[in-house]
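The values are calculated or read from the model by the stated rules, or taken from the named source; none is laboratory data. Computed from a prediction, not measured in an experiment: that's the story for all the values here. For neighbour counting, all protein chains shown are included, and Cβ atoms are generated from backbone atoms with ideal geometry for every residue, glycine included. Only protein heavy atoms, including side chains, enter the accessible area calculation; ligands, DNA and RNA are left aside. Shrake-Rupley method; radii C 1.70, N 1.55, O 1.52, S 1.80 Å.
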Amino acid sequence: MLVDSHCHLDFPDLINQEEAMLAAMAENGVTHALCAAVKLETLPGVLGVAERHPHIYASVGVHPDNAECEEPDEARLLELAAHPKVVAIGETGLDYYWHKDAPEWQRARFRTHIRAAKRCAKPLIIHTRDSAADTLRVMAEEEAGVAGGVMHCFTESLEVARASLELGFYISLSGIVSFKNAASLREVARYVPADRLLVETDSPYLAPVPFRGKTNQPAYVRHVAQAVADARGETLAHIAEITTTNFFRLFKDARP
Ligand SMILES: [Zn+2]
Ligand SMILES: [Zn+2]
(Lines give C-alpha, C1' and ligand atoms only; values in the text may rest on other atoms or scores of the structure.)
(Ligands and ions follow the chains in the order given, each with its own letter.)
Protein backbone atom coordinates (compact mmCIF):
# COMPACT_ATOMS: atom_id res chain seq x y z
CA MET A 1 0.00 0.00 0.00
CA LEU A 2 1.46 3.33 -1.15
CA VAL A 3 0.14 6.89 -1.20
CA ASP A 4 1.14 9.56 -3.71
CA SER A 5 1.15 12.60 -1.42
CA HIS A 6 1.30 15.15 -4.26
CA CYS A 7 0.21 15.00 -7.88
CA HIS A 8 -1.71 17.03 -10.45
CA LEU A 9 -4.28 14.58 -11.74
CA ASP A 10 -6.39 17.40 -13.13
CA PHE A 11 -3.72 18.44 -15.65
CA PRO A 12 -4.58 17.48 -19.27
CA ASP A 13 -1.76 14.89 -19.62
CA LEU A 14 -3.30 12.86 -16.80
CA ILE A 15 -7.02 13.60 -16.76
CA ASN A 16 -7.30 12.72 -20.46
CA GLN A 17 -6.39 9.15 -19.50
CA GLU A 18 -8.10 9.06 -16.12
CA GLU A 19 -9.22 5.41 -16.16
CA ALA A 20 -5.86 4.05 -17.36
CA MET A 21 -4.07 6.11 -14.72
CA LEU A 22 -6.30 4.81 -11.93
CA ALA A 23 -5.88 1.24 -13.17
CA ALA A 24 -2.09 1.64 -13.13
CA MET A 25 -2.29 2.93 -9.56
CA ALA A 26 -4.24 -0.17 -8.50
CA GLU A 27 -1.79 -2.50 -10.28
CA ASN A 28 1.11 -0.91 -8.41
CA GLY A 29 -0.49 -0.92 -4.98
CA VAL A 30 -0.89 2.87 -4.95
CA THR A 31 -4.10 3.06 -2.97
CA HIS A 32 -4.53 6.84 -2.53
CA ALA A 33 -3.36 10.14 -4.00
CA LEU A 34 -3.60 13.80 -3.10
CA CYS A 35 -4.34 16.08 -6.06
CA ALA A 36 -2.82 19.49 -5.28
CA ALA A 37 -4.44 22.69 -6.51
CA VAL A 38 -2.36 25.40 -8.22
CA LYS A 39 -4.98 28.10 -8.83
CA LEU A 40 -8.64 28.76 -8.17
CA GLU A 41 -9.54 28.88 -11.86
CA THR A 42 -8.70 25.17 -12.19
CA LEU A 43 -9.95 24.08 -8.77
CA PRO A 44 -13.17 22.56 -10.21
CA GLY A 45 -11.01 19.99 -12.04
CA VAL A 46 -9.16 19.12 -8.81
CA LEU A 47 -12.38 18.78 -6.81
CA GLY A 48 -14.02 16.87 -9.67
CA VAL A 49 -11.47 14.06 -9.72
CA ALA A 50 -11.64 13.86 -5.89
CA GLU A 51 -15.44 13.73 -6.00
CA ARG A 52 -15.43 10.93 -8.59
CA HIS A 53 -13.01 8.71 -6.65
CA PRO A 54 -13.14 8.00 -2.89
CA HIS A 55 -9.37 7.35 -2.76
CA ILE A 56 -8.38 10.69 -4.30
CA TYR A 57 -8.11 13.76 -2.03
CA ALA A 58 -7.74 17.43 -2.87
CA SER A 59 -6.12 20.62 -1.62
CA VAL A 60 -7.04 24.27 -2.11
CA GLY A 61 -4.50 26.97 -2.88
CA VAL A 62 -2.68 29.18 -5.36
CA HIS A 63 0.85 28.28 -6.44
CA PRO A 64 3.51 31.01 -6.14
CA ASP A 65 4.36 30.69 -9.86
CA ASN A 66 0.94 31.99 -10.87
CA ALA A 67 1.12 35.77 -11.16
CA GLU A 68 -1.99 36.45 -13.25
CA CYS A 69 -4.83 34.70 -11.47
CA GLU A 70 -7.57 35.13 -8.88
CA GLU A 71 -5.93 36.22 -5.61
CA PRO A 72 -7.68 34.54 -2.67
CA ASP A 73 -8.13 36.10 0.74
CA GLU A 74 -8.42 34.02 3.91
CA ALA A 75 -12.23 33.92 3.79
CA ARG A 76 -12.22 32.60 0.20
CA LEU A 77 -9.70 29.87 1.06
CA LEU A 78 -11.71 28.85 4.13
CA GLU A 79 -14.93 28.69 2.14
CA LEU A 80 -13.32 26.44 -0.50
CA ALA A 81 -11.50 24.30 2.09
CA ALA A 82 -14.85 23.34 3.64
CA HIS A 83 -15.37 20.89 0.73
CA PRO A 84 -15.42 17.35 2.24
CA LYS A 85 -12.57 16.05 0.05
CA VAL A 86 -10.19 18.93 0.80
CA VAL A 87 -7.55 17.76 3.27
CA ALA A 88 -4.88 20.49 2.93
CA ILE A 89 -4.11 24.10 2.01
CA GLY A 90 -1.74 24.58 -0.93
CA GLU A 91 0.24 24.32 -2.82
CA THR A 92 1.62 27.58 -1.52
CA GLY A 93 5.07 28.95 -0.73
CA LEU A 94 7.71 30.94 -2.60
CA ASP A 95 9.41 30.46 -5.96
CA TYR A 96 12.19 32.86 -6.90
CA TYR A 97 13.33 30.65 -9.77
CA TRP A 98 10.47 31.81 -11.97
CA HIS A 99 10.18 35.19 -10.22
CA LYS A 100 13.77 36.29 -9.70
CA ASP A 101 12.76 39.70 -8.35
CA ALA A 102 11.39 37.95 -5.23
CA PRO A 103 8.07 39.81 -5.38
CA GLU A 104 6.29 40.91 -2.23
CA TRP A 105 2.98 39.54 -3.54
CA GLN A 106 4.36 35.99 -3.22
CA ARG A 107 5.13 36.45 0.46
CA ALA A 108 1.76 38.13 1.08
CA ARG A 109 -0.07 35.26 -0.66
CA PHE A 110 1.97 32.72 1.31
CA ARG A 111 1.04 34.44 4.61
CA THR A 112 -2.64 34.37 3.62
CA HIS A 113 -2.45 30.61 3.03
CA ILE A 114 -0.69 29.98 6.36
CA ARG A 115 -3.31 32.02 8.25
CA ALA A 116 -6.15 30.17 6.52
CA ALA A 117 -4.56 26.78 7.27
CA LYS A 118 -4.28 27.65 10.95
CA ARG A 119 -7.91 28.78 11.06
CA CYS A 120 -9.30 25.64 9.41
CA ALA A 121 -6.77 23.32 11.10
CA LYS A 122 -5.62 21.76 7.83
CA PRO A 123 -1.95 21.11 7.02
CA LEU A 124 0.00 23.17 4.47
CA ILE A 125 1.56 21.90 1.24
CA ILE A 126 4.63 24.09 0.81
CA HIS A 127 6.54 24.67 -2.42
CA THR A 128 9.95 26.36 -2.22
CA ARG A 129 12.42 26.96 -5.03
CA ASP A 130 15.46 29.26 -4.83
CA SER A 131 13.77 30.83 -1.83
CA ALA A 132 14.48 28.58 1.16
CA ALA A 133 15.62 31.31 3.58
CA ASP A 134 12.56 33.49 2.97
CA THR A 135 10.25 30.45 3.00
CA LEU A 136 11.53 29.39 6.41
CA ARG A 137 11.43 32.98 7.70
CA VAL A 138 7.78 33.48 6.69
CA MET A 139 6.88 30.05 8.12
CA ALA A 140 8.48 30.99 11.45
CA GLU A 141 6.96 34.50 11.55
CA GLU A 142 3.47 33.16 10.82
CA GLU A 143 3.89 30.17 13.16
CA ALA A 144 3.09 27.77 10.34
CA GLY A 145 3.92 24.89 12.66
CA VAL A 146 0.53 25.40 14.31
CA ALA A 147 -1.09 24.12 11.11
CA GLY A 148 1.82 21.81 10.24
CA GLY A 149 2.30 20.40 6.79
CA VAL A 150 4.80 19.18 4.26
CA MET A 151 7.75 20.58 2.31
CA HIS A 152 6.71 19.04 -0.99
CA CYS A 153 9.06 17.88 -3.77
CA PHE A 154 11.96 18.57 -1.46
CA THR A 155 15.20 19.48 -3.27
CA GLU A 156 16.90 21.66 -0.67
CA SER A 157 19.94 21.06 1.55
CA LEU A 158 20.26 19.03 4.71
CA GLU A 159 20.23 22.34 6.64
CA VAL A 160 16.87 23.32 5.17
CA ALA A 161 15.54 19.83 5.91
CA ARG A 162 16.67 20.18 9.53
CA ALA A 163 15.06 23.63 9.86
CA SER A 164 11.80 22.37 8.32
CA LEU A 165 11.70 19.40 10.69
CA GLU A 166 12.31 21.75 13.62
CA LEU A 167 9.27 23.77 12.55
CA GLY A 168 7.28 20.52 12.77
CA PHE A 169 7.04 19.84 9.05
CA TYR A 170 7.21 16.62 7.05
CA ILE A 171 9.54 16.16 4.05
CA SER A 172 8.16 14.72 0.83
CA LEU A 173 10.56 13.28 -1.74
CA SER A 174 9.80 13.04 -5.45
CA GLY A 175 11.34 11.15 -8.38
CA ILE A 176 14.30 13.54 -8.28
CA VAL A 177 15.70 11.31 -5.50
CA SER A 178 16.18 8.60 -8.16
CA PHE A 179 18.18 10.85 -10.52
CA LYS A 180 21.85 10.01 -10.97
CA ASN A 181 23.05 13.52 -9.98
CA ALA A 182 20.93 13.70 -6.80
CA ALA A 183 23.43 12.32 -4.28
CA SER A 184 22.81 15.18 -1.84
CA LEU A 185 19.06 14.52 -1.93
CA ARG A 186 19.69 10.84 -1.13
CA GLU A 187 21.60 12.13 1.89
CA VAL A 188 18.43 14.02 2.89
CA ALA A 189 16.46 10.77 2.34
CA ARG A 190 18.71 9.05 4.87
CA TYR A 191 18.48 11.96 7.32
CA VAL A 192 14.69 12.43 7.60
CA PRO A 193 13.23 10.54 10.59
CA ALA A 194 10.94 7.63 9.68
CA ASP A 195 7.91 9.39 11.15
CA ARG A 196 8.34 12.55 9.00
CA LEU A 197 8.88 11.08 5.55
CA LEU A 198 6.45 11.20 2.62
CA VAL A 199 6.73 10.24 -1.06
CA GLU A 200 5.13 11.87 -4.08
CA THR A 201 5.27 12.01 -7.85
CA ASP A 202 4.39 15.68 -8.53
CA SER A 203 3.07 14.12 -11.76
CA PRO A 204 2.79 14.83 -14.63
CA TYR A 205 6.30 16.25 -14.02
CA LEU A 206 9.53 14.65 -12.77
CA ALA A 207 9.04 10.99 -13.65
CA PRO A 208 11.43 8.80 -11.65
CA VAL A 209 14.03 6.50 -13.15
CA PRO A 210 13.37 4.37 -15.29
CA PHE A 211 10.70 6.67 -16.75
CA ARG A 212 12.73 9.88 -16.58
CA GLY A 213 11.66 12.35 -19.29
CA LYS A 214 8.27 10.68 -19.82
CA THR A 215 4.89 11.77 -18.49
CA ASN A 216 4.80 10.97 -14.80
CA GLN A 217 1.75 9.42 -13.09
CA PRO A 218 0.74 8.45 -9.52
CA ALA A 219 1.51 4.75 -10.13
CA TYR A 220 5.19 5.66 -10.40
CA VAL A 221 5.33 6.68 -6.72
CA ARG A 222 6.31 3.06 -6.29
CA HIS A 223 9.62 3.84 -8.02
CA VAL A 224 10.09 6.94 -5.87
CA ALA A 225 9.58 4.82 -2.76
CA GLN A 226 12.02 2.22 -4.10
CA ALA A 227 14.68 4.92 -4.63
CA VAL A 228 14.12 6.18 -1.07
CA ALA A 229 14.33 2.61 0.23
CA ASP A 230 17.60 2.06 -1.63
CA ALA A 231 19.05 5.31 -0.28
CA ARG A 232 18.12 4.36 3.30
CA GLY A 233 19.10 0.70 2.99
CA GLU A 234 15.54 -0.33 3.82
CA THR A 235 12.87 -2.36 2.05
CA LEU A 236 10.18 -0.99 -0.24
CA ALA A 237 7.59 -2.57 2.07
CA HIS A 238 8.95 -0.63 5.03
CA ILE A 239 8.99 2.71 3.16
CA ALA A 240 5.45 2.02 1.92
CA GLU A 241 4.27 1.33 5.44
CA ILE A 242 5.84 4.36 7.13
CA THR A 243 4.94 6.86 4.38
CA THR A 244 1.33 5.64 4.30
CA THR A 245 1.04 5.92 8.10
CA ASN A 246 2.61 9.37 7.96
CA PHE A 247 0.23 10.50 5.20
CA PHE A 248 -2.89 9.66 7.19
CA ARG A 249 -1.43 11.14 10.39
CA LEU A 250 -0.59 14.45 8.69
CA PHE A 251 -3.64 14.73 6.41
CA LYS A 252 -5.99 13.76 9.21
CA ASP A 253 -9.15 14.60 7.24
CA ALA A 254 -8.25 11.90 4.68
CA ARG A 255 -10.01 8.62 5.44
CA PRO A 256 -7.96 5.51 4.52
ZN1 LIG B 1 5.36 22.50 -6.19
ZN1 LIG C 1 2.93 20.33 -7.50
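Of all the listed residues (Ala26, Ala67, Ala82), the sole one being away from ligand 1 (no atom under 16 Å from the Cβ) and more than 20 Å from Val221 (Cβ to Cβ) is Ala82. Among residues of region 25-45 that are more than 29 Å from Glu70 (Cβ to Cβ), those with a beta-carbon under 8 Å from a residue that is part of a strand (DSSP E or B) and more than 16 Å from ligand 1 (Cβ to nearest atom) at least six positions away or on a different chain give the pairs Met25/Thr31; Asn28/Leu2; Gly29/Leu2; Val30/Leu2; Val30/Val3; Thr31/Leu2; Thr31/Val3.
Which of the residues that make up region 108-145 are within 16 Å of Asp65 (Cα to Cα) and either at pLDDT below 95 or surrounded by 18 or more Cβ atoms within 10 Å (Cβ to Cβ) (or both)? Quick ask: steps written out before the conclusion?
Residues of region 108-145 that are within 16 Å of Asp65 (Cα to Cα), as a first pass: 108-113, 125-132, 134-135.
Hits for region 108-145 are Arg109, Phe110, Thr112, His113, Ile125, Ile126, His127, Thr128, Arg129, Ser131, Ala132, Thr135.
The lone criterion from (1) polar (S, T, N, Q); (2) more than 27 Å from Val86 (Cβ to Cβ); (3) open to solvent by 30 Å² or more (accessible area, probe 1.4 Å) left unmet by Ser178 is number (3).
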